[in-house]
Structures are given as structure tokens and as C-alpha cells.
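What follows is a single structure, written as C-alpha cells, with notes after it.
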Amino acid sequence: MAAISDCINHLRDRGQCALIPFITAGDPNLETTAEALRVLDRSGADLIELGVPYSDPLADGPVIQAAATRALQRQTRLESVLEVVQQVSPSLQSPIILFTYYNPILNRGIERFCRRSQQWEPRDWSYPTCRWKRWKCCSNQRHTMGLM
């Protein structure tokens, strides 16, 4: 799997835009999520954004909210999403960006989450509702562990 910066730099050098599809993990199930990641990769996605379902998706529109609700009803949790990514990512060329709210990371523990993330391949995380102070704390931990 390529690094995100390498992918973006390559596209910029060629004057191209990135194709970055988004899917919600666990909708309709995690097996389909794994296959969708493979299909998106084979179909030319430059990066893939994988949404972790969250119970109060304030930053999401109605389609993603509905997908998150369905995934949560099937017991999709952060740990199970990480397991799918760890399983699938070695076979992908497209980098994965994990889209998650800050609360699941905080509940898990920032250091513990960062340690666990060393075992899988999302090259970056996006947490849309995170305040600057919390984002900085998480980013500092990632930098300290060599994840940035």
C-alpha cells in the first residue's frame, strides 16, 4: 500500500485529481466491507476513506448516518473495523484513510489506539468533530510513535 503523501504527490505531478470513494464499514456487513475495499482498489481508487460507524454522527449527512445506524445494529465496532483493515490492507495498492469520530479513540485510549494502529495500514485518520487541543494530543502521540 502506498503512502498517502506519495499518492497525492504523484497525482499533483501529473496534474490529476484524486478519486477518493467513501464507504461505511459494516454496512451491510464486514465481509462486504472487505470485498468493497478490494473492488474499489482494483477499480482505480487513489485513496479509500473508510468510515467507522458512530452512534451520534453529527458531521455526517443522512445517507452516511443511515449506513452507520445499520452497521451499529449489526454490532460493528472500532476493533472489528481495525481487524478488517489489518486483514485486507496488505493486498491493496490504495491507501486507506480511517474516518472516525474522536470518542471511539478516546474511549480506547489514545496511546493504546496508536499502538494498535501500528499493526494495520490506514495511513491516516480523519476525525471531523475533534477540537484542536484533542487533535493536537492525538497527533503528538502519533508523531512520537512514528506514525506520521
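FYI, it's all coordinate maths here, none of it is from the lab. Keep in mind that what you see is a predicted model, and the values were worked out from it rather than measured. Neighbour counts run over all protein chains shown; Cβ positions are idealised from the backbone, glycine included.
List of remarks:
- Net lengthening on full extension, Arg112/Arg77 (0.36 nm per residue, minus Cα-Cα): 11.0 nm
- Residue exposure proxy: Thr24, Thr100, ordered by other Cβ atoms within 10 angstrom of their Cβ from fewest to most, comes out as Thr100, Thr24.
- Whole-angstrom gap from the range 2-35 to the range 46-61, using each part's C-alpha centre: 14
- At q = 0.11, 0.13, 0.24 Å⁻¹, base-10 log of I(q)/I(0) for the range 1-92 (Debye sum, equal scatterers on each alpha carbon): -0.34, -0.47, -1.18
- Relative contact order of the range 3-118: 30 percent, from C-alpha pairs under 8 Å at least 6 residues apart in sequence.
- Computed from phi, the 3J(HN,Hα) profile of the range 5-13 under the Karplus parametrisation 6.51, -1.76, 1.60 (θ = phi - 60°) reads 4, 4, 4, 5, 4, 4, 5, 4, 4 Hz, with x in place of Gly and Pro.
- FRET efficiency estimate (nearest 0.05) - Cβ-Cβ, Ser91 to Arg12, R0 25 angstrom: 0.45
- Listed by Cβ neighbour count within 10 Å, with the fewest neighbours leading, Phe22, Phe99 appear as Phe22, Phe99.
- Where labels lie 7 Å past Cα in the beta-carbon direction, separation of Ser5 and Asn29 in nm: 4.1
- Residue exposure sequence - Arg70, Arg14 - by fewest surrounding Cβ within 10 Å: Arg14, Arg70
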